[in-house]
Structures are given as C-alpha cells and as structure tokens.
Amino acid sequence: MKVMFVCLGNICRSPAAQAVLEMRLEQRGLSDQIEVESSGIDSYHVGQLSDSRMRRAAKRYDVDIYHHSRQFKRQDLKEYDLILAMDRDNYSDIMRMTDDETQRRAVKMFRDFDPEGSGDVPDPYYGGVHGFDNVMVMLLRTCDIIIDSIL
C-alpha cells in the first residue's frame, strides 16, 4: 500500500502528515506494510527542507520531519493507492490531472478521516506558531484512523 499526502508547497502540512503517519506505523509495527510520501502541487520549494516552524512544532509533539520538498506529478496518480489532499484547492488540482475513475477514487481529503470534522487542513505558512500546533494536533488525531481504514 502506498500513501501520498499533498499540499501546496510540500514544506508544512504534507511533510508533517508524512512524518506523523510514518511514526504511527513504526509504533504499531506496520512500517513494512504501508509506504508513505508527500508532495506539493507547486514547485516553489522543490528540494528544500520543510519549513523550520513546522519542524519545531512537530518536535514539540515528538515528531521528526526529514523531508525535502518534491512536486506532485501526474505519474503519482498511477503509483499511489491513496492520495490525501490537505485542502480543497489541492484536491481540485489533483483531480484535474486525470479522467481515470480508478485514479480519481484514490484521491481523498485528509480531513475526511478526521474524527472532529471535515474540510481543509489550514495552511499555517502565513500565520503564527499556533497555526503549526493546530495542524500537528489534527495530524496526530487523524493518522491512526487513516491506518485503521487501510488495514
């Protein structure tokens, strides 16, 4: 099983989601069953480390992010079994890349799995520290549910 998280620039939300899911998989002894990656719709930050504010927020929750940004590619629709968009704009951008119904069914909103509600994972990039912590709390409460839905 291959899971891809997608946000705009792949430096905040999606690499944090990747790190949280990988951590939860390791804690549950399932790392060998699910491969995890993240990417961004745009190429603004390709090759860069995740935003330092996101890395600091993740560290406060005992999560380490070791990711270099990459851009989402049309080929990813063929290679990943579950693609989780962080917001409606990301979701729409991904859906415009394919007419293949099997690929389209693999694309979901991340918060469709969130026990506290659906909608967007807010982009913390232009906000303060609280926004990064808010994202981490959403990711932490949701990733186990994603694992349970896959297995």
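The values are calculated or read from the model by the stated rules, or taken from the named source; none is laboratory data. Treat the numbers as computed from the prediction; the structure is a model and nothing was measured. With ideal geometry, Cβ positions are generated from the backbone for all residues, glycine too; neighbour counts draw on all protein chains shown.
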Next item on the list: Could you run through the range 124-136 and say how many residues are assigned to a helix (DSSP H, G or I), in contact (Cβ under 8 Å) with a residue 24 or more places away in the chain and within 15 Å of the chain's Cα centre (by Cα)?
Entry: 3
Next item on the list: Would you be able to tell me the number of residues in the range 100-117 that are surrounded by fewer than 12 Cβ atoms within 10 Å (Cβ to Cβ) and either at pLDDT 95 or above or of a type in the set (S, T, N, Q) (or both)?
Entry: 6
Next item on the list: Sort through Val129, Val36 and tell me the only one that's modelled with pLDDT of 95 or more and β-branched (Val, Ile, Thr).
Entry: Val36
Check: Got a number for residues in the range 28-49 being under 23 Å from Phe132 (Cα atoms) and of a type outside the set (Phe, Trp, Tyr)?
Finding: 13
Item checked: Hits in the range 122-145 - residues which are surrounded by 15 or more Cβ atoms within 10 Å (Cβ to Cβ), within 15 Å of Val3 (Cβ to Cβ) and of a type in the set (A, V, I, L, M) -> Leu139
Next item on the list: Could you tell me which residue of the range 4-38 is farthest from the chain's Cα centre (by Cα), considering only residues that are among the polar types (S, T, N, Q) and surrounded by 24 or more Cβ atoms within 10 Å (Cβ to Cβ)?
Entry: Asn10
Check: Filter the range 67-95 for residues that are of a type in the set (A, V, I, L, M, F, W, C) and under 14 Å from the mean Cα position of the chain (by Cα); which is surrounded by the fewest Cβ atoms within 10 Å (Cβ to Cβ)?
Finding: Leu82
Check: In the range 110-134, how many are aliphatic (A, V, I, L, M) and out of contact with any helix residue (DSSP H, G or I) (no Cβ under 6 Å at 6 or more places or on another chain)?
Finding: 1
